[in-house]
Every structure is written in C-alpha cells, then in structure tokens.
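K.L.:
I am attaching a structure below and will ask some questions about it afterwards.
The values are calculated or read from the model by the stated rules, or taken from the named source; none is laboratory data. Note that this is a predicted model, so its numbers are computed, not measured. Note that each Cβ is placed from the backbone with ideal geometry, even for glycine, and that neighbours are counted across all protein chains shown. These accessible areas exclude ligands, DNA and RNA; they are computed on the full protein's heavy atoms, side chains included. Shrake-Rupley method; radii C 1.70, N 1.55, O 1.52, S 1.80 Å.
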Amino acid sequence: MSSKVYDLCKECTPLTDSDIQVIEAMQPSLQLIANMVGCDVFIDCITEDKSTAIVICEANPENVPSAYAKSVVGMLARKEDEPAVERTIRLGIGTKYVKAVTQERTEVMQNVEPIFNENRIIGVLITEKRAVEEIEAIEDEKPRQVNVFDNLIHEYDWLMQYIDEALMMVDDKGKVCFRNMMAKELYAKLGYGGDILDMPYDNILLYQPEREYQPGELEKTGVEVTVGKYFLRVKQIPLGKNGIQFAIVLSDITHLREKEKELVNKSVALKEMHHRIKNNFQMIASILRMQSRRSENDEVKEVLEDTINRLLSISITHELILQGEDDNVNIYEVVESIKRDLLRSYIYPDLEVKIDVIGDEFKLNAEVASSVTLVINELLQNSFKYAFTDVTSGHIIIEITHGKMYSQVSITDNGKGFAVDAVKRKSLGLYIVDSVVREKLHGKFKIKSGPEGTRASFDFKMYN
C-alpha cells in the first residue's frame, strides 16, 4: 500500500522509488525535531523545474504557535519566495538564517539542509521560525513539552547535520540513551575519553542546581556553566514519556563570551587612549601658557592663547568619552563644556555675556565630535573677542538641530557685526572653521553679519 509521501512524489517529482524510500524513512522524525526546537519542519523535494520545489511532508510544533494556519503539503516553493531552498538544491550545501516568504505570505527565517541519495540531491530539510517581530508579539508562549516516539532514538546523518547544538536524552535508568554528534564531539573536547552514549548521566552532568528553579525556567532560559575554558548554556527539557526522563540541550557559547571579553578589553584600551590624549593636550597647553606668560609681545600672546583654547576644546571630547560608557558623546554636553571653559577664560569686569543653548540633544562619535567641538569653540571665541567691544552686555544663542544625514549648529550674537568678506580673508579662525567643516565634517559653513549681530552656522555629516 502506497503512502501519501510516495503518491505525491510520484505525481509531482522525478524521484525514483529508492529516492522516495529515503524521504519516507525521514518523515516520521519531523515531529520530534519540530517539538524539540520549537519550529515548523518540512521536507521539500525537487521538481522537473530545478528552480521550484514542492512540499512533500511537514510537522508543526506542538509546544509553540506555528507560523502556518493550514497545511502547505503539495504546495510549491518558488526561488523568489524561498531563496535558501533554491540555493541548497542548486549547490548541494546547507543554507542558514535566510528570510523567506511562506505560501501564506508571512515572513519566516529558514535553515535548509540537503538530502542526498547515492550522491544525488533529492530534496531538502527545512526548519522555519517566525520573523523576530512575530515571535516578540507572542506574549503568552506556552512552555515547551517534547513528545518522543519509541523508534526515533537513532543517529540519522541528516539529523546530525541539522541540529547545531549538543543534544542528549536520558532514560528512566539515568543513562544517556541518545546523543547527537555535536554532543559526542563536545564531551570529547571537555576531556571525556569514550563515547558518552550509555554512560550514567551523573557521570557527565555539568552543573548541580544551587537553587530551586521555576517551572519551565531550565528548559527556556537554561543555566550557564563554565567547564575549563568553555562556557556552556545547559537546558533541561522534561519528557517523562516512552522511558525517557528528560532531554539536555548544550549550547557552546564560548565564542560569545570571548567576544565580550575582547570588547571589554578594547573598551578599556580606548578609555586609556582617550585619557592619554587628553593629558597630552593639557600638557601642551600648559607649555604654551608658560611661553605666553614669558612673552612681552601682545600679538604673540594672543596667538598662543588662541592655540591653547583650540587644544583644550579638542580635549573636551576625550574627557567626555572618559566619563561615558562608549565612544560617543552628547553634543549638549560638548557645548556646555565649551561654554563653561570660555566663560572662565574670558572674564571682563565691565562685560556680562549670557549664553543660551537650545535645540536637539543627540550623540556623536568621537571623530565627528572633536571637529564639531573645534568649530563651535572657534566661533564662540570670535563672538567673545570681537562682538561686544564698547558694550556692557551681550547675548549668544547656540542652536542645535538634529537631522538624519546632516545636523546643524548655529551661533547667533547680538554684537556690533563686521564686514564678513574683508575679515574672512585675513582671519585664521574663520579659515580653520571653513576648512574643518568642509574637509572633516563634509558640510558647509555660512556666516552673515550686520549692525544687529552675527549668525554663523555650519552643517555636518552625522557619520564619517
């Protein structure tokens, strides 16, 4: 008597009877995989059109919601909807973590492995999970329960290929009655000399519970353990059927912990670098300040003081990075620091200058922030030094505007103004501003001035 798998293969595929037998042998195990990893599982077979496959059999998880409302057996999988299926059939190699659109037009993530018979590819094994957004939308996910069939404790090569984690099952006698190749290889790396199959589980368990766990906690989140140089996450899934107590899923997360350690070390090294840069700027500023005090030439003193302020403005970025958690700085903090330093530096007994900062608050990376800081400092210095001569008070507004690609800073004072074209030709400060905005920030610098005051603005690219 022929099966549904046989009839569908004969009707819709070029598979031989030998090929169909391979598919039929695999079909009963699909439900185990679906339940174990909580996803939809399919076998698609090739058709005469190599760019299209057909769904021959399926299994939906019994412990979590399926991505499908109805059966899709007998439906086609087209390459434009399921590129991972077409790639695996064409190349004969597995494809992991690729988006696909289901026959019901929902988005899923697919892992696809080839199925061979006598070195010929005859189909693919597909596992699918909902897209991340759909998974997060499920608020009341049911705890995983795994149904196990008596005849499924076997080591199929295709099953070993699929499961990326070490998997073991422990029977009622406390012995390992099943382990996949990942589990065998993992325990070999941990120093076990023999195969763990048929070993007492007490001999290979990797953790002893130090507290009582909530129902479902060990199977959902697991426990992280350290064994030598390896970091592992251990999940224990209760079964309690067909003579099997529970399953153990081991994930080797050593590479993740090593990456985290690398990132921490890099972060420490970057903090140290910014600390040294800040100290070097301040040391150079101190040397220049000593030189300025010894000079009797007022023009030299002015040049040195301007240079000192430029150095200290750049060091502000590095100081703020040291105070933060990453290599980014808040532009509001940058402006407030510049404002504070300039108010301390330019003290005129007969002049009171008010500075207001308005607009958006956002973060910049260190390289962009250093250039923005230098430009803002330069423009504020110009206002302090030249806008308010012969008056007793002044007002400066710094406005920050955040954009997706380009952002803008404008500095407006109510000073006496100046002839822009004449001053720009001989002003080192405005030359520096124009060069930095153009070459470092990839933006434009604009300045307008008249009897009622001056407005200087520049836009800058958010990311270099």
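K.L.:
Failed condition for residue 437, given (1) part of a helix (DSSP H, G or I); (2) open to solvent by 20 Å² or more (accessible area, probe 1.4 Å), with all others met?
P.N.:
Among (1) part of a helix (DSSP H, G or I); (2) open to solvent by 20 Å² or more (accessible area, probe 1.4 Å), residue 437 violates only (2).
K.L.:
When only residues in region 187-213 that are open to solvent by 40 Å² or more (accessible area, probe 1.4 Å) and hydroxyl-bearing (Ser, Thr, Tyr) count, which is modelled with the lowest pLDDT?
P.N.:
The selected residue is 213.
K.L.:
Would you please name the residue that is farthest from the chain's Cα centre (by Cα), looking only at residues in region 174-186 that are buried (at least 16 other Cβ atoms within 10 Å of the Cβ) and assigned to a helix (DSSP H, G or I)?
P.N.:
The extreme case among them is 184.
K.L.:
Here is a list: 368, 409. Which entry is among the aliphatic types (A, V, I, L, M), within 16 Å of residue 460 (Cα to Cα) and part of a strand (DSSP E or B)? Can you show your working first?
P.N.:
Details: 368 fails: part of a strand (DSSP E or B).
The unique qualifying residue is 409.
K.L.:
Does residue 231 meet the test of being over 23 Å from residue 38 (Cα atoms), touching a helix residue (DSSP H, G or I) at 6+ places or on another chain (Cβ under 9 Å), modelled with pLDDT of 80 or more and not charged (D, E, K, R)?
P.N.:
Working: over 23 Å from residue 38 (Cα atoms): yes; touching a helix residue (DSSP H, G or I) at 6+ places or on another chain (Cβ under 9 Å): yes; modelled with pLDDT of 80 or more: yes; not charged (D, E, K, R): yes.
Here the answer is yes, as residue 231 does meet what is asked.
K.L.:
Moving on. Of 41, 72, which residue is under 30 Å from residue 236 (Cα atoms) and open to solvent by less than 10 Å² (accessible area, probe 1.4 Å)?
P.N.:
Details: 72 fails: under 30 Å from residue 236 (Cα atoms).
Going through 41, 72 in turn, the sole match is 41.
K.L.:
Could you list all residues from region 82-95 that are surrounded by fewer than 16 Cβ atoms within 10 Å (Cβ to Cβ), free of Cβ contacts under 8 Å to residues at least 40 places away in the same chain and out of contact with any Pro (no Cβ under 8 Å at 6 or more places or on another chain)? Show your work before the answer.
P.N.:
First pass over region 82-95, keeping only residues surrounded by fewer than 16 Cβ atoms within 10 Å (Cβ to Cβ): 90-93.
Those left that are additionally free of Cβ contacts under 8 Å to residues at least 40 places away in the same chain: 91-93.
Result: 91, single match.
K.L.:
In addition: Out of curiosity, is residue 414 free of Cβ contacts under 8 Å to residues at least 40 places away in the same chain, within 19 Å of residue 450 (Cβ to Cβ) and either touching a strand residue (DSSP E or B) at 6+ places or on another chain (Cβ under 7 Å) or not basic (Lys, Arg) (or both)?
P.N.:
Working: free of Cβ contacts under 8 Å to residues at least 40 places away in the same chain: yes; within 19 Å of residue 450 (Cβ to Cβ): yes; either touching a strand residue (DSSP E or B) at 6+ places or on another chain (Cβ under 7 Å) or not basic (Lys, Arg) (or both): yes.
Yes; evaluated as a whole, the condition is true for this residue.
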